[in-house]
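> Once you've had a glance at the structure underneath, I'll fire off some questions.
The values are calculated or read from the model by the stated rules, or taken from the named source; none is laboratory data. The model shown is predicted, which means the values in this text are computed figures rather than measured ones. As a convention, Cβ positions derive from the backbone with ideal geometry for all residues, glycine included, and neighbour counts pool all protein chains shown.
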Amino acid sequence: MDAVPADDLMIENRTFDEIAIGDCASLQRTLSQDDIALFASVSGDVNPAHLDPAFARANLFHRIIAHGMWGGALISAVFGTKLPGPGTIYVSQDLHFLKPVSLGDALTVSVTASEKRAARHEVVFTCRCTNQHGVDAIVGTAVVIAPTEKVRLPRIALPEVRVSRHERYRDLLARCAGKPPLATAVVHPCDRASLEAAVEAAAAGLIAPILVGPEAKIRTLAAAEKIDIAPFRLVDVAHSHAAARKAVEMARGAEVALLMKGSLHTDELMSALVATDSGLRTERRVSHVYLFDVPGYPRPLLVTDAAVNIMPSLEDKRDIVQNAIDLAHVLGLMVPKVAILSAVETITPKLVSTLDAAALCKMADRGQITGALLDGPLAFDNAVSPEAARDKGIVSAVAGQADILVVPDLVSGNMLAKQLTFLAGADAAGVVLGARVPVILTSRADGARTRLASCAVAAELARGQRP
């Protein structure tokens, strides 16, 4: 790697006495969507004129103001880092925004000293921002108080910032827009989170909730938390076990198209769901799939199974993989790339997960798993990073660009899912499939985006399963 020049590692100011009329400094910056998003996040200005390109095109004046403020911030950056530099105090400005700055425009921002006022060590600068065509976008003047003491400081490296605009989340909700909400049995919604989730999803037009649980308890909760449940049907049962059985019965009778977990334990709901005589079993193993939108990853990412199957057998994994593939098809991924994860990318008898991965790939070759490309075993880095796959010499249509990650067991899947959510800032949606109807499985830790996205995924899956 080339050495960085020593001068580039330091910032040195120019004192009032050192500045001469005509001295100038400049910087260049290209406007990106991330710049606009970060500027809006810092300022709290979420005006759609700033953030929505379609709105901005239709509202030219607002667009000038929005992107002009970004240009004004760049002028301040020149004062703070170049001329006069550290110790500068910004006093006033008189800027005129002449031309809108569009995404992809390369601005050259320059300031030129035009007057010095010794009484307060003030310097008047002529300011100009021009685009890549040499056309003025911003012109004007600014007054600063220049430092009187010489300063030379190490340049501070900017932190790496990831911007998540939740675009895939919005796209997912947009797919459901205008479609009739699906009747959904909300099983034992006896805490605030689960009751609010049902009401939020109803307000978004995703589901038509039927609240199944102890009626008095639900009404008392709603009154205490000021949650309006008047529009919704309430099915009174004694306790959580009864609520699970009743909800499954309603799904068997086609009264509802979806089930949604409330405040009962997951195993209570799953026991009723897979009961041999009264449940909603199919020939498939029931499994859970997370759909993630991970900042910095260029495609949606499905992770399975992180919530239902603790130590799945090879036969179970076949169904887990096929369930995830079927969901990918419903979401528009017609030939998803499936990475079967393990700790290493080579087959090792001591690691059963590597043997299962190899067997699953061969099952796909023989038509026992269909509709996708499979490869494995793959370590996590080799599955999602093209660079890591190249470094290991892995030649594969899946490595480095996986759409679906199949984990060895629930523990590893649960850890991976929570790391993506809490460390990588991923948006998540979760659904149980393999039964006659999809099941929306959320937790109290889930935010509103996760709850709504889970409902949207389940609704799309239910519609995709219908004849």
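> If we keep just the residues of the range 194-232 that are surrounded by fewer than 18 Cβ atoms within 10 Å (Cβ to Cβ) and among the small types (Gly, Ala, Ser), which is nearest to the chain's Cα centre (by Cα)?
Ala204
> Starting from the range 179-198, keep only residues that are assigned to a helix (DSSP H, G or I), then list their pairs with residues that are of a type in the set (Gly, Ala, Ser) and at pLDDT below 95 whose Cβ atoms are within a distance under 7 Å, requiring at least 6 positions of separation or different chains.
Note: pairs meeting the criteria are Ser194/Gly262; Ser194/Ser263.
> Scan the range 309-322 and tell me whether some residue there is surrounded by 23 or more Cβ atoms within 10 Å (Cβ to Cβ), within 28 Å of Val338 (Cβ to Cβ), at pLDDT 95 or above and touching a strand residue (DSSP E or B) at 6+ places or on another chain (Cβ under 6 Å).
Yes; the residues of the range 309-322 include at least one that is surrounded by 23 or more Cβ atoms within 10 Å (Cβ to Cβ), within 28 Å of Val338 (Cβ to Cβ), at pLDDT 95 or above and touching a strand residue (DSSP E or B) at 6+ places or on another chain (Cβ under 6 Å).
> Using beta carbons and a limit of 9 Å, which pairs, at least six apart or on different chains, have the first residue in the range 409-426 and over 13 Å from Pro295 (Cβ atoms) and the second one of a type in the set (S, T, N, Q) and part of a helix (DSSP H, G or I)?
Hits for this filter: Asp409/Ser353; Ser412/Ser353.
> Any residue that is in contact with a Cys (Cβ under 7 Å, 6 or more places away or on another chain), of a type outside the set (S, T, N, Q) and assigned to a loop (DSSP other than H, G, I, E, B) - is there at least one of those in the range 274-296?
No, the range 274-296 has no match at all.
> While we're on this one: Given the criterion touching an Asp or Glu at 6+ places or on another chain (Cβ under 9 Å), within 28 Å of Ala203 (Cα to Cα) and not in a helix (DSSP H, G or I), identify the matching residue among Gly425, Gly464, Gly430.
Residue meeting the stated conditions: Gly430.
> When the residues of the range 335-360 are narrowed to those that are under 22 Å from the mean Cα position of the chain (by Cα) and among the hydrophobic types (A, V, I, L, M, F, W, C), which ends up farthest from Ser385 (Cα to Cα)?
Among those residues, the one meeting the criterion is Val338.
> While we're looking at this one, here's another question. Assuming Val330 fulfils every condition listed in (1) modelled with pLDDT of 95 or more; (2) among the β-branched types (Val, Ile, Thr); (3) within 20 Å of Leu301 (Cα to Cα) apart from one, which condition is it?
(1)
> Further question on the same structure: Right, Ala174: free of Cβ contacts under 8 Å to residues at least 60 places away in the same chain and surrounded by 20 or more Cβ atoms within 10 Å (Cβ to Cβ) or not?
no
> Scan the range 238-255 for residues that are hydrophobic (A, V, I, L, M, F, W, C) and either assigned to a helix (DSSP H, G or I) or closer than 11 Å to Ser271 by Cβ (or both) and jot them down.
Matches in the range 238-255: Ala242, Ala243, Ala244, Ala247, Val248, Met250, Ala251.
> Six or more apart or on different chains, Cβ atoms under 8 Å: show the pairs whose first residue is in the range 377-398 and under 16 Å from Thr304 (Cβ atoms) and not assigned by TED's automatic domain parsing to the domain that holds Pro300 and whose second is charged (D, E, K, R) and assigned to a loop (DSSP other than H, G, I, E, B).
Pairs found: none.
> Among the residues of the range 429-450, is there at least one that is on the phi > 0 side of the Ramachandran plot, surrounded by 21 or more Cβ atoms within 10 Å (Cβ to Cβ) and modelled with pLDDT of 90 or more?
yes
> For a quick check of your reading: which strands (runs of 3 or more DSSP E) sit entirely within the range 90-157 and have at least 1 residues that are assigned by TED's automatic domain parsing to the domain that holds Gly71, in contact with a helix residue (DSSP H, G or I) (Cβ under 9 Å, 6 or more places away or on another chain) and in contact (Cβ under 8 Å) with a residue 40 or more places away in the chain?
Fully inside the range 90-157 and qualifying: 106-117, 122-130, 136-145.
> Now for a separate question. Would you mention how many residues in the range 230-258 are in contact with an Asp or Glu (Cβ under 7 Å, 6 or more places away or on another chain) and acidic (Asp, Glu)?
The qualifying residues number 1.
> Yes or no: the range 387-403 includes at least one residue that is under 26 Å from Arg168 (Cα atoms), at pLDDT 95 or above and among the polar types (S, T, N, Q).
Yes, because at least one residue in the range 387-403 is under 26 Å from Arg168 (Cα atoms), at pLDDT 95 or above and among the polar types (S, T, N, Q).
> I'd like the residue in the range 239-287 that is of a type in the set (D, E, K, R) and under 31 Å from the mean Cα position of the chain (by Cα) and, out of all such residues, is nearest to Leu441 (Cα to Cα).
The qualifying residue nearest to Leu441 (Cα to Cα) is Lys261.
> Please determine whether any residue of the range 383-405 is within 25 Å of Val186 (Cα to Cα), surrounded by fewer than 22 Cβ atoms within 10 Å (Cβ to Cβ) and in contact with a strand residue (DSSP E or B) (Cβ under 7 Å, 6 or more places away or on another chain).
No; the residues of the range 383-405 include none that is within 25 Å of Val186 (Cα to Cα), surrounded by fewer than 22 Cβ atoms within 10 Å (Cβ to Cβ) and in contact with a strand residue (DSSP E or B) (Cβ under 7 Å, 6 or more places away or on another chain).
> What number of residues within the range 108-127 satisfy the criterion of being crowded, with 21+ Cβ neighbours inside 10 Å and under 17 Å from Leu27 (Cβ atoms)?
5
> Does the range 274-301 hold any residues that are surrounded by fewer than 24 Cβ atoms within 10 Å (Cβ to Cβ) and hydrophobic (A, V, I, L, M, F, W, C), and which are they?
Val274, Ala275, Leu280, Val286, Phe292, Val294, Leu301
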